[in-house]
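The values are calculated or read from the model by the stated rules, or taken from the named source; none is laboratory data. From a predicted model like this one, the values you see are computed outputs, not experimental measurements. As a convention, Cβ positions derive from the backbone with ideal geometry for all residues, glycine included, and neighbour counts pool all protein chains shown. Remember, those area values only see protein heavy atoms, side chains included, never the ligands or the DNA or RNA. Shrake-Rupley method; radii C 1.70, N 1.55, O 1.52, S 1.80 Å.
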Amino acid sequence: RGLPYVPQLRLSRGVLLLEAPSAASRRQATSQERSKMMSGGGLATKEEKEMVAAVREKDRAVRKRKSEEARKAAAAGGAGSNDYDRRMKKKAKGPNPLSCRKSGKGSGGGDDGAGGEKKKRRRKGKSSGSTSK
């Protein structure tokens, strides 16, 4: 169990079992993964690594400058007004049009001569007498 990358196999009731990796194997694997992350998977050239480092440094500087400007603006303008601007107050909205009652047709134009009475419609449903196999 002390050697990395050596699989431990057991035979139990006629079934071959593979044990979990040992601590040495896990340590070795994590160190290799870290080295890959630092080197860009082992495929990056020295110039590319320097370029990536420069871009990261520039990005850190920009983020630091923005956070300092935000702190200065909060201190100068007061924390309360800045919070209010950031989180706008919710406005009251109108009622749901689907839950509102419809207005009558008598006041508007387009009279069909129905006399204001609604025509009853028959409901179409499943017929219980038919059986399909």
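Counting charges near A20 (Lys, Arg +1; Asp, Glu -1) among other residues having Cβ under 12 Å from its Cβ returns a value of +2.
Heavy-atom accessible surface of V62, to the nearest 10 Å², is about 50 Å², with a 1.4 Å probe and all protein chains retained. Measuring r between the beta carbons of L9 and R34 and using R0 = 25 Å, the FRET efficiency lands at 0.30.
Our coupling estimate for segment 6-22, obtained by passing each phi through the Karplus curve with A = 6.51, B = -1.76, C = 1.60 and θ = phi - 60°, is 10, x, 9, 10, 10, 10, 10, 6, x, 10, 7, 10, 9, 6, 5, x, 6 Hz, Gly and Pro reported as x.
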